[in-house]
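Working notes, beginning with the structure itself.
The values are calculated or read from the model by the stated rules, or taken from the named source; none is laboratory data. Keep in mind that this is a model prediction, so the values were computed, not measured. In this analysis, Cβ positions are derived from the backbone assuming ideal geometry, glycine residues included, and neighbour counts consider all displayed protein chains.
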Number of protein chains: 2
Amino acid sequence: MLRLSKLTDYAIVVLTYMAKNQDGLYSAIEIAKATGVAPPTVSKILKELLKAKVLISTRGAKGGYRLAKTAEKITVASVIGALEGPIALTECSVSNHNHSCEQVSGCEIGGVWGLINQTVFNALEAITLADMLVSVNRRSPQEINIPISSLYR
Amino acid sequence: MLRLSKLTDYAIVVLTYMAKNQDGLYSAIEIAKATGVAPPTVSKILKELLKAKVLISTRGAKGGYRLAKTAEKITVASVIGALEGPIALTECSVSNHNHSCEQVSGCEIGGVWGLINQTVFNALEAITLADMLVSVNRRSPQEINIPISSLYR
DNA sequence: CTATTTAGGACTATTCTAGTCCTCTTTATT
DNA sequence: AATAAAGAGGACTAGAATAGTCCTAAATAG
């Protein structure tokens, strides 16, 4: 199904909520209440997003999280990367630098997986949090072209 | 990590092997030997691809599998769809037609997941088995542009 | 000083995946 | 007609990954 983990799904929900007020400072509990996602889970997600520098945190009482950049600069690819590690559809394309693949003739097509990964990555990199908000408000996102040949440069 | 299952990975390996001789008739055992993937696993994959009409089978002695269409017409998206079901990054976008989402405010962004899914799907639909072969042979695939606005039509 | 809130992990139960195996059906060959 | 080769269709199991919870420590506002 080419599945994305639920945590990533929640992360987008959480970020979309936060992006409604770009400079707002939100506590984990506050976000949990607003989104309906369980508090410990929200907390876990926020920590991951913090580690990936998508968010900035303030500790202590009256602390919370805020977006580290504008919604236009937060891409879906970076959110996925934050929660699931580098985007790579197959094991091979991420780990085949040092050890060779165990398939006899399989990895001849390693280059192809690179192509597929890049294609998907570019698609996800082209969508930002801002687009998400825009979509919620029923307007059209900007035009983006992705020439496949560019992946080879 | 936006992972693709290993079975899908193997499926591409298997199909790429079969595409080298477009009209060839291959038995599961033969493919297993050539690719290094375990025979029962190859068999499982071939059955799935058959169900999805990517392959045609001939039963009985001297039987086997062959490609149902030319390599140019077999897209990566269809192969993924065959092994993992419809391409949908999140639960919501595939099942939200009848029951509403349990998140309080989450599914406002349902339309956005649709956008993301479509973008990824288009990217994968644009790559064919023929591109895989071409890539193995170190040539460039054709130029393809994917305007995001088209996803809204 | 105390309440609040993040930081950083450890931990567990459940779900999913990969992989195997078994039985049945079909067909070519002799 | 008998036999061997091959696919069809599931059932099943072990292991891995995921989702989700919880606990303790550290920081800060008031």
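What number of residues in segment B:6-34 are away from DNA strand C (no atom under 13 Å from the Cβ) and among the hydroxyl-bearing types (Ser, Thr, Tyr)?
Total meeting the criteria: 3.
If only one of A:Gly63, A:Gly81, A:Gly36 is on the phi < 0 side of the Ramachandran plot and within 12 Å of DNA strand D (Cβ to nearest atom), which one is it?
A:Gly63
Looking at (1) under 20 Å from B:Gly114 (Cβ atoms); (2) exposed (fewer than 14 other Cβ atoms within 10 Å of the Cβ), can you tell me which one A:Tyr17 breaks?
Exception for A:Tyr17: condition (2).
For segment B:1-34, how many residues meet the condition of being of a type in the set (S, T, N, Q) and in a loop (DSSP other than H, G, I, E, B)?
Number satisfying all stated conditions: 4.
Could you pull out every one of the helices (runs of 4 or more DSSP H) wholly within segment A:35-107 that has 1 or more residues that are within 14 Å of DNA strand C (Cβ to nearest atom) and at pLDDT 95 or above?
A:39-51
Given the criterion more than 9 Å from chain B (Cβ to nearest Cβ) and buried (at least 20 other Cβ atoms within 10 Å of the Cβ), identify the matching residue among A:Ala28, A:Ala38.
On inspection, the qualifying residue turns out to be A:Ala28.
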